[in-house]
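Peer 1: Sharing a structure with you now.
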2 protein chains.
Amino acid sequence: MATNGSNGYDLPFGIRLIEDSKISAEKRAELYLRPKIDLATAKSRAEPIIAEVRQDGDAALARLAKRFDKAELSQDDLVIDVASAPWPKVEPKVAKSLDAAYENVRRFHAAQKKPTLCVETMPGVECRRIAVPIEAVGLYVPGGTAVLPSTAYMLAAPAKLAGCKEIVLATPPRADGSICPEVIYAAKRAGATKILKAGGAQAIAAMAFGTKSCPKVHKITGPGNQYVTAAKMMLQADDEAAVSIDMPAGPSEQLCIFDVTSDPSFVVADLLSQAEHGPDSQVVGVFVSPSGETQSYLSRLREEFEQQTSKLSRRDITKQALSKSFVIVVNSLDAAMSFSNGYGPEHLVVQTADPEAYLEKVVNAGSVFMGAFAPESCGDYASGTNHCLPTSGYARQFGGVSTDTYLKYVTVQKLTPAGLKRVGPHVEVIADVEELEAHRNAVTIRLAKIGRELSWLDKLAALCRFC
Amino acid sequence: MATNGSNGYDLPFGIRLIEDSKISAEKRAELYLRPKIDLATAKSRAEPIIAEVRQDGDAALARLAKRFDKAELSQDDLVIDVASAPWPKVEPKVAKSLDAAYENVRRFHAAQKKPTLCVETMPGVECRRIAVPIEAVGLYVPGGTAVLPSTAYMLAAPAKLAGCKEIVLATPPRADGSICPEVIYAAKRAGATKILKAGGAQAIAAMAFGTKSCPKVHKITGPGNQYVTAAKMMLQADDEAAVSIDMPAGPSEQLCIFDVTSDPSFVVADLLSQAEHGPDSQVVGVFVSPSGETQSYLSRLREEFEQQTSKLSRRDITKQALSKSFVIVVNSLDAAMSFSNGYGPEHLVVQTADPEAYLEKVVNAGSVFMGAFAPESCGDYASGTNHCLPTSGYARQFGGVSTDTYLKYVTVQKLTPAGLKRVGPHVEVIADVEELEAHRNAVTIRLAKIGRELSWLDKLAALCRFC
């Protein structure tokens, strides 16, 4: 075995095999890094497009649809009003499955809604927190060659549940100027209000600034290519756009933890379902082997890789992703979770016999798939969890899209005169420390009118409540 | 009265008086805008400082402390370990008030913690959402000439409640290299783990990248001057820093709604408590006058402005802020809330007789202060709500700092074989639509092993659970 911990052992398609016990901390930290993305170039290309849309609005969108999507669109055909649009023709079997998937997503995200919080921090000092929907939001659903109805309901369902009034869903038009019926179906089912026929940086700019036909939104969510990501990040920093975003997005990734009790065909199927996304997808296997005996299991894994990959129509893309992937052998649950938390995967698949023991130690991950019967693709489409998740290690500080993504929390305070008598003197002291006299005076002037002493009735009422 | 809706009526210190019914929609939209901040210049100044800290770490911090804070600090004196630091000497009265304020903040933010959510979206398909603390966070507490212990506990208390392991609080040192005792006291009380003696862009860079003495953090929160804001926004877009921020920050602002039943001395005291923050603070009065008769009340307001302002030690700063401020007269509750929601104030004070009726219509606001006895300064210090709030209209999409600010939500799914039999076929259909064969195969390969038909026992169990 080579000293860098990687050996020549024959996993196919260039998948590296690494022994955790033989690598340095520095080497391990390197494995946590994703391939570098050249966002600077994407930003420099997105910049003039954003400027064009900001300047020319709908006219720019029509021009850019022609340039990038080969679609001839008139300026009054850029937006579909979803409510008044007829239900598109979709195969009944597909409609049924989209309905079932949407219903699971709706159930899980509906349960995330939080009632108003009300806390009396002191007798007479009431603090509340109210969830208020963001009025207008923009959702980006990638398109082009792919047809992605799942992203439409993943983004729109929580926005609708949150109560957003305007839910604009942008997706690139096909060359004939239409939007694929499955995406319209999913958008209508999940409650989007408008579909903007635009892709790339131009779609993000249109939603951030608004055009004649596209409403201005306050927050933009959804995955996309590097131009979409670049535009989201640039507009987030633009105080005239005054728009926020869900999170930075990078290529999709999966980390799968398995041991000798895991079915190798399931392990490989899950890793391949990630690898087929694109040549820049990341796939990491973590093989927990306390005994250190790995060869017989790895040879079964190798066979599965070869057999399953050969049958895939997207096998060339898949092999490219695999050639940048690796399997790391660790000797314990703790070592596995230490590696996983260091990497911070978007998708964490745990196919060991005791997934709950692993779950307890999860710190950095987007979504976790537990046990043999929870393949990642269930969460991608239909289990109910959201598939818009943090990538590139951003699971350290971000969660996926949720109902909260489309809400903000407004706090409220209401004080009785007795409440002000209790908390006011502390405000006066701290205002003195901070040398903010008018802050102090706002309390002092009130206490001068109502007096500083609590009545015996106030004291009694407080006693009754707090005992 | 002038045709632009502004008249020469004599509110003092250049406060403009505007009649809502006499202005155009464009004019109203202009009133919603804040004075433009030159963030570009701040960014160009912050950039070399960020590069210097990234390159030279602690050595750069020591140099910059000398340059900006006139403080001589050795490289091993940049960080205070809060747990092992002794309690600083603070006046007993001050300690008591800081304790009381902290306790209210702790109570309100503790109530924000959410238990694990668990939803069975279909029989055998279990989805969970788990709150996981962000491991390491960085908090910025402005300093320099001001002493701001309140920001220390406002930022640190929710981080501690969230369960963050490393809570680094950065604040600029005084010229003698020390940190003021009240800030240390508040940081220790609220559970910060380290105090970094650094201010400005250098503090943000040190926390984003980490130095020998300052841990690298994953998220940075807190207010600050334009250089702090510029550094936060630049590092948020830097994929090597891989750090997120709470929200963009601008000058503080208040919108106060009042009517003839409001005590003019309270109205003016609240507006002044905002105006004293700085010359760039924003103060807006919204006078609800259904009758249109305003003169007698306005003359009382004028007297209060003159009397109260003359007594303030920060009256020069206050007058500068007032000269950019305005009072708008509206004829109804709806008009008042329409204006307030259009403006999206950081602080919304409602001093009318029926504040709950106004609260129902709040869409865009950071924190609301209800009635005659809830001055803004109570929320600034001690009622329990957080004082780190969205400014510059960002209340349209952001809430203030909360316990959630320091958490992320990891989703989990666990399926039984019966659960996979139920949801799997839908996954297969949608994967076909999206032409992602390996996604489909991850389900198909499992169903091939366990069969596709639900047993009568599975059907019965589902019936029992769902009926």
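Peer 1: Hey, among the residues in the stretch A:218-238 that are away from chain B (no Cβ under 13 Å) and out of contact with any Gly (no Cβ under 7 Å at 6 or more places or on another chain), which one's most open to solvent (accessible area, probe 1.4 Å)?
Peer 2: My answer is A:Asn225.
Peer 1: Does the stretch B:76-95 contain any residue that is within 14 Å of chain A (Cβ to nearest Cβ), within 27 Å of A:Gly384 (Cβ to Cβ) and in contact (Cβ under 8 Å) with a residue 24 or more places away in the chain?
Peer 2: No; the residues of the stretch B:76-95 include none that is within 14 Å of chain A (Cβ to nearest Cβ), within 27 Å of A:Gly384 (Cβ to Cβ) and in contact (Cβ under 8 Å) with a residue 24 or more places away in the chain.
Peer 1: Based on what the data block shows, is B:Thr411 farther than 30 Å from A:Cys388 by Cβ, facing chain A (nearest Cβ under 9 Å), buried (at least 24 other Cβ atoms within 10 Å of the Cβ) and of a type outside the set (Asp, Glu)?
Peer 2: No: the conditions fail for B:Thr411.
Peer 1: List the strands (runs of 3 or more DSSP E) that sit entirely inside the stretch B:117-156 and contain at least 3 residues that are open to solvent by less than 10 Å² (accessible area, probe 1.4 Å).
Peer 2: Result: B:136-140.
Peer 1: Checking A:Ser97 against (1) open to solvent by 40 Å² or more (accessible area, probe 1.4 Å); (2) part of a helix (DSSP H, G or I), which test does it fail?
Peer 2: (1)
Peer 1: May I pose another question? If you check every pair at least six apart or on different chains, which have Cβ atoms under 6 Å apart with a residue in the stretch B:323-341 that is within 17 Å of B:Val363 (Cβ to Cβ) and assigned by TED's automatic domain parsing to the domain that holds B:Gly278 first and a residue that is part of a loop (DSSP other than H, G, I, E, B) and open to solvent by less than 10 Å² (accessible area, probe 1.4 Å) second?
Peer 2: Sorted first by the residue in the stretch B:323-341, then by its partner, the pairs are B:Asn341/B:Asn364.
Peer 1: Out of curiosity, is B:Val147 closer than 24 Å to B:Ala231 by Cα, assigned by TED's automatic domain parsing to the domain that holds B:Ser74 and either in contact with a Pro (Cβ under 8 Å, 6 or more places away or on another chain) or hydroxyl-bearing (Ser, Thr, Tyr) (or both)? Please lay out each step first, then the result.
Peer 2: Values: closer than 24 Å to B:Ala231 by Cα: yes; assigned by TED's automatic domain parsing to the domain that holds B:Ser74: yes; either in contact with a Pro (Cβ under 8 Å, 6 or more places away or on another chain) or hydroxyl-bearing (Ser, Thr, Tyr) (or both): no.
For B:Val147, the condition - closer than 24 Å to B:Ala231 by Cα, assigned by TED's automatic domain parsing to the domain that holds B:Ser74 and either in contact with a Pro (Cβ under 8 Å, 6 or more places away or on another chain) or hydroxyl-bearing (Ser, Thr, Tyr) (or both) - is not met.
Peer 1: Pick out the one residue from B:Glu19, B:Glu103 that is over 28 Å from B:Gly200 (Cα atoms), acidic (Asp, Glu) and within 14 Å of chain A (Cβ to nearest Cβ).
Peer 2: Going through B:Glu19, B:Glu103 in turn, the sole match is B:Glu103.
Peer 1: Among the residues of the stretch A:302-315, which ones are within 31 Å of the chain's Cα centre (by Cα) and either open to solvent by less than 10 Å² (accessible area, probe 1.4 Å) or more than 13 Å from chain B (Cβ to nearest Cβ) (or both)?
Peer 2: A:Phe305, A:Thr309, A:Leu312
Peer 1: Please state which one of B:Ser213, B:Ser244 is in contact with a helix residue (DSSP H, G or I) (Cβ under 7 Å, 6 or more places away or on another chain), closer than 20 Å to B:Val82 by Cα and among the small types (Gly, Ala, Ser).
Peer 2: B:Ser213
Peer 1: Same structure, new question: Among the residues of the stretch B:51-64, is any farther than 30 Å from B:Ser338 by Cα, open to solvent by 80 Å² or more (accessible area, probe 1.4 Å), within 30 Å of the chain's Cα centre (by Cα) and within 13 Å of chain A (Cβ to nearest Cβ)?
Peer 2: no
Peer 1: A:Leu272 fails exactly one of the following numbered conditions: (1) in contact with a Gly (Cβ under 7 Å, 6 or more places away or on another chain); (2) aliphatic (A, V, I, L, M); (3) surrounded by 24 or more Cβ atoms within 10 Å (Cβ to Cβ); (4) without any contact (Cβ under 8 Å) to a residue 60 or more places away in the chain. What is the number of that condition?
Peer 2: If we test A:Leu272 against (1) in contact with a Gly (Cβ under 7 Å, 6 or more places away or on another chain); (2) aliphatic (A, V, I, L, M); (3) surrounded by 24 or more Cβ atoms within 10 Å (Cβ to Cβ); (4) without any contact (Cβ under 8 Å) to a residue 60 or more places away in the chain, just (1) comes out false.
Peer 1: While we're on this one: Just one of (1) crowded, with 22+ Cβ neighbours inside 10 Å; (2) modelled with pLDDT of 95 or more; (3) away from chain A (no Cβ under 11 Å); (4) in a loop (DSSP other than H, G, I, E, B) trips up B:Pro215, so point out which.
Peer 2: Condition (1) is where B:Pro215 drops out.
Peer 1: Name the residue, out of A:Ala201, A:Ala242, A:Ala190, A:Ala205, that is open to solvent by 20 Å² or more (accessible area, probe 1.4 Å), out of contact with any Leu (no Cβ under 6 Å at 6 or more places or on another chain) and among the aliphatic types (A, V, I, L, M).
Peer 2: Within the list A:Ala201, A:Ala242, A:Ala190, A:Ala205, the selection yields A:Ala242.
Peer 1: Related question: Can you tell me how many residues in the stretch A:418-444 are open to solvent by less than 30 Å² (accessible area, probe 1.4 Å), of a type in the set (Asp, Glu) and at the interface with another protein chain (Cβ under 7 Å from one of its Cβ atoms)?
Peer 2: Of the residues in that region, 1 qualify.
A quick yes/no check of all residues on (1) in contact with a strand residue (DSSP E or B) (Cβ under 7 Å, 6 or more places away or on another chain); (2) within 7 Å of chain A (Cβ to nearest Cβ):
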residue	(1), (2)
B:Thr405	yes, no
B:Thr416	no, yes
B:Arg446	no, yes
B:Gly451	no, no
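The values are calculated or read from the model by the stated rules, or taken from the named source; none is laboratory data. Fair warning: this is a prediction, and the values are worked out from it, not measured in the lab. Here the Cβ is made from the backbone with ideal geometry for all residues, glycine too, and neighbour counts use every protein chain on show. With ligands, DNA and RNA removed, areas are computed over all heavy atoms of the protein, side chains included. Shrake-Rupley method; radii C 1.70, N 1.55, O 1.52, S 1.80 Å.
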